[in-house]
Amino acid sequence: MKKNIVAVLLVIALSTVSAFAVDPASFNVSTAVNGINKMKITQAAFSGTTPASFNSALAFVGPLGVTTSGPQTFSAYLSTMSNNRIGYKVTMGATAMTSAVAGQTTSYINYTVGVNTKSLTTAGATVVTPVEVITVASLTGLASQSHAISLSVDATSFDAAVEGTYSGTVTFTYTAN
């Protein structure tokens, strides 16, 4: 009987020791991911997947030289890369090509610029409202887009233009949501 009592006490002692085992050791893992919000006009369609590849994509170097009216032949793409959780948008604005000479009336040559199925046509001295050419509502990871840019010079204003040097500007504005 003593052996049975000792055996029972031994089982109780062993189960008590395992019930009061030491808590496991642990540690937390954390990081902060910086926002990536990039845009540039590239010479070719961008298809990279990293910020480094975006940074090394060759930029389109202007100005775009115009020698005739109609569609212009050039290779330029509006390229973006973002990891912004709540998305972003890009708007496009443009000013007519202008030639100003002191004491003379300012002259204009109009054109239509297009990106991602959206276009904008300049109208001389009139300021045109920018158009939204890229809209991304949200992202679940790093993503990029690249859209060809087209430009067509208005034949009427080009053919009727007075002598001079003309320049206009196409502007893309990136806004994180």
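The values are calculated or read from the model by the stated rules, or taken from the named source; none is laboratory data. Every value quoted in this text rests on a predicted model; they were computed, and no experiment measured them. Positions of Cβ are backbone-derived with ideal geometry, glycine not excepted, and every protein chain shown enters the neighbour counts. Note: areas computed on protein heavy atoms with side chains; ligands, DNA, RNA excluded. Shrake-Rupley method; radii C 1.70, N 1.55, O 1.52, S 1.80 Å.
One table, with the values for the structure above:
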{"quantity": "Contour excess over end-to-end distance, with Cα ends at Val128 and Thr68 and 0.36 nm allotted per residue", "calculated": "19.3 nm"}
{"quantity": "Gained length - Thr121 relative to Leu142, 0.36 nm times residue gap less alpha-carbon distance", "calculated": "4.3 nm"}
{"quantity": "Segment 59-174, accessible area per residue, ligands and nucleic acids excluded (1.4 Å, Å²)", "calculated": "54"}
{"quantity": "Portion, in percent, of the accessible area of the chain that falls on carbon or sulfur, probe 1.4 Å", "calculated": "59"}
{"quantity": "Student exercise, the chain dipole from Lys, Arg, Asp, Glu Cβ charges, in Debye to nearest 20", "calculated": "1080"}
{"quantity": "Extension reserve of the Val61-Ser47 stretch, reckoned as 0.36 nm per residue once the Cα distance is removed", "calculated": "3.1 nm"}
{"quantity": "Pairs of Lys in the chain closer than 29 Å at Cα, counting only those 8 or more apart or on different chains", "calculated": "5"}
{"quantity": "Karplus 3J(HN,Hα) series, Hz, for segment 34-48 with 6.51 cos²θ - 1.76 cosθ + 1.60 (x for Gly, Pro)", "calculated": "6, x, 10, 9, 10, 8, 7, 8, 9, 6, 9, 4, 8, 10, x"}
{"quantity": "The chain, relative contact order in percent, only Cα pairs under 8 angstrom and at least six apart counted", "calculated": "27"}
{"quantity": "Rounded D (µm²/s) - segment 37-176, Kirkwood Rh over Cα pairs, Stokes-Einstein at 25 °C, 0.890 mPa s", "calculated": "151"}
{"quantity": "Extreme residue, positive dipole direction of the chain, given options Val90, Ala125, Asn34 (C-beta unit charges)", "calculated": "Asn34"}
{"quantity": "Distance (nanometres) between label positions extended 7 Å along Cα→Cβ at Tyr174 and Thr106", "calculated": "3.0"}
